[in-house]
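The values are calculated or read from the model by the stated rules, or taken from the named source; none is laboratory data. Quantities reported herein were computed from a predicted structural model and do not represent experimental measurements. Positions of Cβ are backbone-derived with ideal geometry, glycine not excepted, and every protein chain shown enters the neighbour counts. Please note that ligands, DNA and RNA were not included when accessible areas were found on the heavy atoms of the full protein model with its side chains. Shrake-Rupley method; radii C 1.70, N 1.55, O 1.52, S 1.80 Å.
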Amino acid sequence: MRPRTVSVLVSLLLFIASSNVCNGGKLKKDFYGKDCPRLEETVRQITWEKVGENRSVAAKLLRLHFHDCFVRGCDASLLLDSVEGNSTEKKAIPNGSVSGYEIIDEIKAKLEEECPNTVSCADIVALAARDAVSYQFGRSMWQVFTGRKDGKVSLATEAARDLPSAFANYTTLKQQFANKGLNVFDLLALSGAHTIGVARCGVFARRVFNFTGKGDKDPALDSSYAKVLKTKCSNPPNPNITVELDRNSEFRFDSHYFVALNRNQSLLASDAALLTDRNAARIARDFENFFVFMSQFSRSIKKMSEIGVITRVGDKGEIRKNCRKVNA
Ligand code: HEM
């Protein structure tokens, strides 16, 4: 074979290898290709059915994925129910309003019929989040490599420590993301997940009703928007009332979150905090363009979905039979 042909072949093989493997060769594209060939189809079918019935499911599954990955990595530790003597992540205050667990259970049950003891709950969470957001577009909006194993440990204290607070300032947010290997572009793009979904009045009421204890509003919050929020939430805040995170665009995954943010019309103090840094504020302006935002979001969420993954069965990892409890 001629040297040029050999070099072309080597490059081709390297390209194929690099496009199928990531994370030091741990997760793979189509990891279950042989053992559960219909996996991605099954996850998509159930997820799309649920989002089709109720559009708010997309935000729930996306948030569930984030809250799983930020604590002990993407290992489905968030799905474990508390048992006597161990209060799991679910019990931590920032997870109090997380939901969507029963959809993951339903997907898992179906997959246990199709290919028992094969697919991890952690992979289901990552795929379902992708498919839930993708429903609106009719095609997959980012790539999810698979091969995650399920963790065996889940601690409420770690969730309380690692999940960012709605009151966090920019320095804290940047640090909490850096702790997970995510940079400022990731922080901005992933915050753009707040383009869908809702927040309970309690998590932003202080910005509207009593920012410094004198009945004032947060000066970083647009006055006309503050008035709208006052009419939506009662004071003291009613825990059952929710408001869309992205004004008038609760179900559309688009870049309007950044348009609102740049007009000081973001809901959470942690969103508004992104404008307090010059570099972050510049990125927020660039992300008003949907294509710029979406191309970074796809890269960042793929990165997020690979935080601290367990890829071997053993002391740390297993394929859970039931996503809510470790195997006996
Ligand atoms: C940057 C730090 C972040 C903070 C401080 C934060 C905080 C919050 C808070 C306080 C809520 C409302 C919860 C409630 O009402 O109880 C919320 C909702 C939500 N968050 Fe975040 N979040 C952050 C980043 C992210 C990321 C990275 C994602 C996903 C990639 C995400 C996805 C969502 C979604 C989709 C909702 C709406 C959930 C629903 O409607 O059920 N958030 N977030």
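Taking label points 7 Å from Cα along the Cα-to-Cβ direction, ARG285 and ASN169 give a separation of 2.4 nm.
One Cα centroid belongs to segment 251-267, the other to segment 111-125; the line between them spans 36 Å.
For segment 170-303, what does the alpha-carbon gyration tensor say about shape, rounded, prolate or oblate, given a ≥ b ≥ c as the root eigenvalues, a/c under 1.5 as rounded, and a/b over b/c as prolate? Please list the in-between numbers first.
Working: a/c = 1.90, a/b = 1.61, b/c = 1.18.
Verdict is prolate for segment 170-303.
Over the chain, what relative contact order in percent results from Cα pairs under 8 Å that are six or more residues apart? Intermediate values should be presented prior to the final figure.
Values: 525 pairs, mean separation 77.4, N = 328.
Relative contact order, the chain: 24 percent.
If we count every other residue with Cβ under 15 angstrom of VAL198's Cβ, Lys/Arg +1 and Asp/Glu -1, where does the sum land?
+3
Under a 5 Å amide H cut-off, with hydrogens placed 1.01 Å from N, LEU27 pairs with CYS22 among residues at least 5 apart or on other chains.
Ignoring any ligand, DNA or RNA, what whole percent of the accessible area of segment 170-303 comes from carbon and sulfur when the probe is 1.4 angstrom?
Carbon and sulfur atoms account for 51 percent of the accessible area of segment 170-303.
Peptides 170-182, 60-72 ranked from most to least packed, by the mean per-residue count of other Cβ atoms within 10 Å: 60-72, 170-182. Its DSSP H runs of at least 4 residues, each contributing -39,500 (n - 2.57), put the calculated 222 nm mean residue ellipticity of the chain at -13500 deg cm²/dmol, to the nearest 500.
Ratio of alpha-carbon Rg to the 2.2 N^0.38 Å globular estimate for the chain, to two decimals, please. Don't skip to the answer; put the middle values down first.
Numbers: Rg = 20.9 Å, N = 328, 2.2 N^0.38 = 19.9 Å.
Output field value: 1.05.
Near GLY317, once Lys and Arg are set to +1 and Asp and Glu to -1 for all other residues with Cβ below 13 Å from its Cβ, the sum equals +3.
Pairs of lysines in segment 170-303 whose Cα atoms sit within less than 23 Å of one another amount to 10, provided the residues are eight or more positions apart or on different chains. Residues in segment 170-303 average 47 Å² of solvent-accessible surface per residue, probe 1.4 Å, ligands and nucleic acids excluded.
Taken about its Cα centre, the chain carries a charge dipole of roughly 700 debye when the Cβ of each Lys and Arg holds +1 and the Cβ of each Asp and Glu holds -1.
Against the criterion of solvent-accessible heavy-atom surface with a 1.4 angstrom probe, ARG320, ARG206 sort, most first, into ARG206, ARG320. Taken about its Cα centre, segment 289-328 carries a charge dipole of about 140 debye when Lys and Arg each add +1 at the Cβ and Asp and Glu each add -1 at the Cβ.
Among all helices in the chain defined by DSSP H, which have a length of 24 Å or more along the axis from Cα atoms plus a Kyte-Doolittle mean of at least -1.0?
On the way: long enough: 3-20 (26 Å, 1.30).
Qualifying helices, which must be both long enough and hydrophobic enough, are 3-20.
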